[in-house]
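Please read the structure below before turning to the comments.
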Amino acid sequence: MGADMQRGQMAITLKDVAERAGVSRAAVSRSFTPGASVSAKTRTKVELAAAELGYSPNMLASSLTTRRTKLIGLVSNNFHNPVFLQIFDQFTKGLQEQGLRPLLVNLSEETDPARSVQLLRSYSVDAVIVASSELPDGFAAAFVAAGIPVVHAFGRAGPARDVNVVGIDNIQAGRLAAQTLIARGYTRLGFMGGPEGASTTQDRMEGFLAVTSRHAEVTATISFAGAYRFEAGRSEMARLLNHHPAEAYFCADDVLSIGALSAATEAGLRVPQDLGLIGLNDMEMAGWANINLTTIHQPFDAMIRLSVDLMLATLADPSRLPEARILPCRIVERATLRPLPPAGV
């Protein structure tokens, strides 16, 4: 039995690669250590030998030398909203493309930042991405205080820049929703938020009311679904339909809108002929033919790319000042609002 066949029956070691490449074990180690000094010729020999033997470097062993685990905590608390399947898919791909390992952490029942910091520390993560709009404003800052680099995706950018934030201008999104409804001739409007205390609910409501208050002919009602979930939107719309409903609703999340659409259909209403709906996110499901939701597009691709970039920049220079990257959003026209009236009418 040849040496290569014998090796195939056991784990390939760094020593095996060194022998095949004709270099020292230290040279092999440097070849797989980012930033280490090694000649291009040696690196090529090592990579060829590793490929021939089927060797993969042990990342845990490497972390003992570099003091980096390459683990990135990806933290959220809203696993019931299907839009986060898209978000987690893009985040994990973006991190893995950078040679990093995402560690998905479910905080659905956790709001105490101290316990969350302790949990992430126990895994020795290099950094944390908080992907949530529902956690308290100070939640992400707790990681900074503990010396863990953090980016708050879908967060609120406040005056104190103590945390990297990537998000949209939710107040402007609320304005955009109200302007869109008014432009289509609706005068009895409704705002359906998610959790009342969530920053996204508060900001989107603020922008929505800022516009409706400037139109004497327009009335606006406010309600809260209690969670960014399908059933919460469905239940709240069923309640609203029994109490003098509005002509059209801005549901401050697509999953709420889809729940509201389900309730309206069950009540025998036609959308948009009897009831108008506009959501926010432009999640993949919103474009399905049986839903076809008019919504406000949140640029997930750009937000996730910027979040990863900010995290990498902070890891490279821990002394850099936190940044807020606020991105624009836009209307995606589908079929749950009446069309715009002809020009001049």
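The values are calculated or read from the model by the stated rules, or taken from the named source; none is laboratory data. Everything quoted here is computed from the prediction, not taken from an experiment. Glycine also receives a Cβ, built like all others from the backbone with ideal geometry; neighbour counts cover every protein chain displayed.
Scanning for something polar (S, T, N, Q), modelled with pLDDT of 95 or more, at negative phi and over 23 Å from the mean Cα position of the chain (by Cα), does the stretch 300-318 turn up at least one residue? No: the stretch 300-318 contains no residue that is polar (S, T, N, Q), modelled with pLDDT of 95 or more, at negative phi and over 23 Å from the mean Cα position of the chain (by Cα).
Among the residues of the stretch 125-139, those identified as modelled with pLDDT of 90 or more and either surrounded by fewer than 18 Cβ atoms within 10 Å (Cβ to Cβ) or outside any loop (DSSP other than H, G, I, E, B) (or both) are Ala127, Val128, Ile129, Val130, Ala131. Take the residues in the stretch 96-124 that are hydrophobic (A, V, I, L, M, F, W, C), closer than 30 Å to Gln202 by Cβ and outside any strand (DSSP E or B), then tell me which one is modelled with the lowest pLDDT. Among them, the one singled out is Leu107. Exactly one residue out of Gly155, Gly193, Gly197, Gly185 is modelled with pLDDT under 95 and either closer than 19 Å to Ile296 by Cα or buried (at least 23 other Cβ atoms within 10 Å of the Cβ) (or both): that is Gly155.
Of the residues screened, Ile278 is one that is surrounded by 23 or more Cβ atoms within 10 Å (Cβ to Cβ) and either outside the structural domain of Gln86 (by TED's automatic domain parsing) or more than 27 Å from the chain's Cα centre (by Cα) (or both). Consider the stretch 61-90 and keep the residues that are farther than 22 Å from Glu284 by Cα, among the β-branched types (Val, Ile, Thr) and not in a helix (DSSP H, G or I). The one that is modelled with the lowest pLDDT is Thr69.
Looking at Thr265, Thr314, Thr336, which one is hydroxyl-bearing (Ser, Thr, Tyr), closer than 22 Å to Ser223 by Cα and not assigned by TED's automatic domain parsing to the domain that holds Glu236?
Thr336
Summed over the stretch 228-262, residues that are assigned to a loop (DSSP other than H, G, I, E, B) and either touching a helix residue (DSSP H, G or I) at 6+ places or on another chain (Cβ under 7 Å) or closer than 20 Å to Ala177 by Cα (or both) total 8.
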